[in-house]
There are 2 protein chains.
Amino acid sequence: MSDLHGECPLCQSTGGLLVATGAHWRVIRAEDPAFPAFYRVVWTDHVAEFSSLSVSARAECMSVVCAIEQVLLRVLRPTKVNLAALGNVVPHLHWHVIARFDGDSHFPQPIWGEAKRHVDSAVAMLAVTLAELDREVAKAVGDLSLDD
Amino acid sequence: MSDLHGECPLCQSTGGLLVATGAHWRVIRAEDPAFPAFYRVVWTDHVAEFSSLSVSARAECMSVVCAIEQVLLRVLRPTKVNLAALGNVVPHLHWHVIARFDGDSHFPQPIWGEAKRHVDSAVAMLAVTLAELDREVAKAVGDLSLDD
């Protein structure tokens, strides 16, 4: 029943490292060296705007976003978590969930803003390995998949 | 019962042009000349992260965000709507809801990125006046306030 578009990169490919899959969404890690703890919740159907989802689908989508945010807060203790659904380049609903640290290259700027400082190894700021973090994220959102 | 912090600018002041007020939130317009159709949903309590809200509060918050998004889509027919909860500078939950147009100064970059072009009058891209847009937004979110 999914509504896919032939020319949309998020309909055609995973879009990042696949971490978890639900009935209506997938979680990928963006693999951005400057922001290693950067996940995306990609809605399976090709929908541009969040408000185009039904109320129950919005709730499901944000429950996944919040589960990731809670893992990032608990495991990494970041300065802040940033959430965004932009889609100007790829208008297929995907939520960015990004752990930010006050020593990261752009803080307090959004990651799309101007760099504030050079950082040799952003991944060194993380309390756990990315493989461990992926497992925690997968576990947290996997519990949500059971409701599907 | 609201939890306010003395040094937080969003606890101390409105933070923009007040458009509507609910029991747990307010809607302001950011008054950004480059992005005139730019609203913010400010949660009244001083909470940093979206996932710190209860499930019902998250739903209420996103219903306000979605009501604004739907007004922007219907009235302005923008190229895209951008949603974001960042809070790196002011860690008090506020959602950005921004109508984007492919001729705006930054498109397809996020508004926090590098400008792509000079635009004389961004407000001239809007199909209605800002006063009319504010009235449509207030009406849309006002219906939600009735549920409080």
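The values are calculated or read from the model by the stated rules, or taken from the named source; none is laboratory data. Not measured: the values here are computed from a predicted model. Cβ atoms come from the backbone with ideal geometry, glycine included; neighbour counts cover every protein chain shown. In case anyone asks, the SASA skips ligands and DNA or RNA and just uses the protein heavy atoms, side chains included. Shrake-Rupley method; radii C 1.70, N 1.55, O 1.52, S 1.80 Å.
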Mind checking which residues of region A:30-54 are open to solvent by 10 Å² or more (accessible area, probe 1.4 Å) and facing another protein chain (nearest Cβ under 8 Å)? A:A48, A:E49
Check B:G15 against each of (1) closer than 22 Å to B:P110 by Cα; (2) out of contact with any Pro (no Cβ under 7 Å at 6 or more places or on another chain); (3) touching a residue at least 12 places away in the same chain (Cβ under 8 Å) and name the one condition it does not meet. (2)
Condition broken by A:D104, with the remaining ones in (1) charged (D, E, K, R); (2) at the interface with another protein chain (Cβ under 7 Å from one of its Cβ atoms); (3) open to solvent by less than 30 Å² (accessible area, probe 1.4 Å) satisfied: (2)
Top-ranked residue of region A:3-18 - restricted to ones that are over 26 Å from B:C61 (Cβ atoms) and not in a loop (DSSP other than H, G, I, E, B), ranked as nearest to the other protein chains (Cβ to nearest Cβ): A:P9
Say we look at region A:75-97 and pick out the residues that are among the hydrophobic types (A, V, I, L, M, F, W, C) and within 9 Å of chain B (Cβ to nearest Cβ); which of these is surrounded by the fewest Cβ atoms within 10 Å (Cβ to Cβ)? A:V89
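Condition check ((1) more than 23 Å from B:E49 (Cα to Cα); (2) free of Cβ contacts under 8 Å to residues at least 24 places away in the same chain; (3) of a type in the set (A, V, I, L, M, F, W, C)) across all residues:
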position: B:L72; (1), (2), (3): yes, no, yes
position: B:A85; (1), (2), (3): no, no, yes
position: B:L93; (1), (2), (3): no, no, yes
position: B:D102; (1), (2), (3): yes, yes, no
position: B:W112; (1), (2), (3): no, yes, yes
position: B:M125; (1), (2), (3): yes, no, yes
Of the conditions (1) crowded, with 18+ Cβ neighbours inside 10 Å; (2) modelled with pLDDT under 95, A:A23 clears all except one; give me its number. (1)
What is the number of the single condition among (1) open to solvent by less than 10 Å² (accessible area, probe 1.4 Å); (2) facing chain B (nearest Cβ under 9 Å) that A:L72 does not meet? (2)
Any residue in region B:102-122 that is part of a helix (DSSP H, G or I), more than 18 Å from B:A20 (Cβ to Cβ) and at pLDDT 95 or above? yes
In the set A:L53, A:L83, A:L76, the lone residue that is of a type outside the set (V, I, T) and more than 17 Å from B:V81 (Cβ to Cβ) is A:L76
Checked region A:112-128 for anything within 10 Å of another protein chain (Cβ to nearest Cβ) and open to solvent by less than 20 Å² (accessible area, probe 1.4 Å); matches are A:G113
Members of region A:48-88 found to be among the β-branched types (V, I, T) and in a helix (DSSP H, G or I), listed by number: A:V55, A:V64, A:V65, A:I68, A:V71, A:V75
